[in-house]
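Step one of this worksheet: look at the structure below.
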Amino acid sequence: MAALETRLGLKLCRRGRSGFSLTEQGQKIYVEAIKCFAALENFRNEVGAMRGGLMGELRIGAVDALVENPKCRLSDAIALFNERVPGVELTIMVLTSNQLSSALLNKQVEVVIVANQPLNAAVQLQQLFFEPQELTLERISGLTHARCGYTIATAYSSVFANVPMATTYSMEGLVHLILSGRFVGFLPDHYARRWVERGEMRALRSDLVSFQIGMCIAYYPVSTLSRVAEIFCGCLLEVH
C-alpha cells in the first residue's frame, strides 16, 4: 500500500491503533479501480466474442428472499445463460437494495434484480414479476409497525398514520422484528408462509390489507453493457 501511495502521490488510507480506513482520495481511487477492472473484463469479453467464444466473468446482484418465490425464474435464467455461454464465469451477490444500487453505480455488478424503486436516472428498469406483500404480525396488541427500507413508502402511509419505529433493509431483519411480538410489517406472502403455517405469525386479510411490489431487472443503458450482460438480460426476460 505504501508503494502504491508513493507511486500515485496520494494518501490512500489511514492506519493505526484505531484500525484501517480509506481516505476520501483512497475511496475515489477504489471506485475508479473498480471501473477500470470492469472495463478490462468487458475488453476480455469482446476479444472472446471476436475469437468465436465468449469468456470472462459476469457479476450480477439480487435482493434476498427471492429463491422461495415461485414467480422468480432466476435459476432458469442461469441455466439458459450457462447453456448459451458456458465459458463465462458467473458471480452472484445477494445484498440489500441500497447496496445493490451502490454496486451497480460503482460497476461492481452489471445487472441486478431489485424492487421497482427510484434509482439513478440513467438506470434502466424492466419488469420481471410482481411480489404480493401481506401484513403479518405475531400478536394483536401493543404493536407498532416496521418497514423494509426499499418498499414503497406510500403503501405504508395508506395503512399506518404514524411513522415506522423500525426500519430494516432485509427480509430476514423484518422477520426478526415481527417475531419479537412488538412489530407488524409487510412480508412477501411466499416468504411469510413458513411462519404462518407454524402458527408463529398470522397474516391479516390480504383482500383488505395488501399491496404488490414489482421486481425488476436493472442495468445501465445497453450501449454500456458487456455482451455477456446483454445475453443474461435476454435470458431473464425470456424465462419470465
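A few comments on the model shown:
- In region 70-120, inverting the average of 1/r over every pair of distinct C-alpha atoms gives 12.5 Å as the Kirkwood radius.
- Once backbone amide H atoms are built at 1.01 Å from N, Glu134 has Leu187, Asp189 as its partners under 5 Å, excluding neighbours fewer than 5 places away on the same chain.
- When the chain is described by a simple charge dipole with +1 on each Lys and Arg Cβ and -1 on each Asp and Glu Cβ, the residue from Leu100, Leu90, Gly26 located farthest towards its positive end is Gly26.
- Using θ = phi - 60° and Karplus 6.51 cos²θ - 1.76 cosθ + 1.60, couplings along region 219-224 (whole Hz; Gly, Pro as x): 6, 7, x, 3, 4, 9
- Cα-based shape type of the chain, given that a ≥ b ≥ c are square roots of the gyration tensor eigenvalues and the cut on a/c is 1.5: oblate
- The lysine pair count for the chain, using Cα distances under 26 Å and pairs eight or more places apart or on different chains, is 5.
- For Tyr220, the residues whose modelled amide H falls within less than 5 Å of its own, excluding neighbours fewer than 5 places apart on the same chain, are Gln124.
- Mean separation of Cα pairs under 8 Å and 6 or more residues apart, divided by the residue count, gives the chain a relative contact order of 25 percent.
- Less than 5 angstrom separates the built amide H of Gly181 from those of Glu138, all sequence-distant by 5 or more or on a different chain.
- At an R0 of 25 angstrom, the distance between the Cβ atoms of Met55 and Met1 translates into a FRET efficiency of 0.20.
- As a rough footprinting exposure proxy, the listed residues Asp207, Asp64, Asp189 were ranked by other beta carbons within 10 Å of their own, and the order from fewest upward is Asp207, Asp64, Asp189.
- Among beta bridges identified by DSSP and lying wholly in the chain, the antiparallel ones come to about 60 percent.
- Across Arg73, Arg194, Arg17, mean-square fluctuation computed from a Gaussian network of the chain (C-alpha pairs under 10 Å connected) peaks at Arg17.
- Each helix, a run of at least 4 DSSP H residues, gives -39500 (n - 2.57); summed and divided by the residues of the chain, these come to -11500 deg cm²/dmol at 222 nm.
- For the chain, the dipole from Cβ point charges (+1 on Lys and Arg, -1 on Asp and Glu) about the Cα centre works out to 760 debye, to the nearest 20.
- FRET efficiency for the pair Leu179 and Glu83, taken as 1/(1 + (r/R0)^6) with r the Cβ-Cβ distance and R0 = 41 Å, rounds to 0.50.
- Springs join every pair of Cα atoms under 10 Å in this Gaussian network model of the chain, and among Gly19, Gly56, Gly87 the largest mean-square fluctuation is at Gly19.
Read-outs throughout are calculated quantities, based only on the coordinates presented, and are distinct from any laboratory measurement. Because the structure is predicted, anything quoted here is derived from the model rather than measured. Glycine gets a Cβ as well: all are built from the backbone with ideal geometry, and neighbour counts include every protein chain shown.
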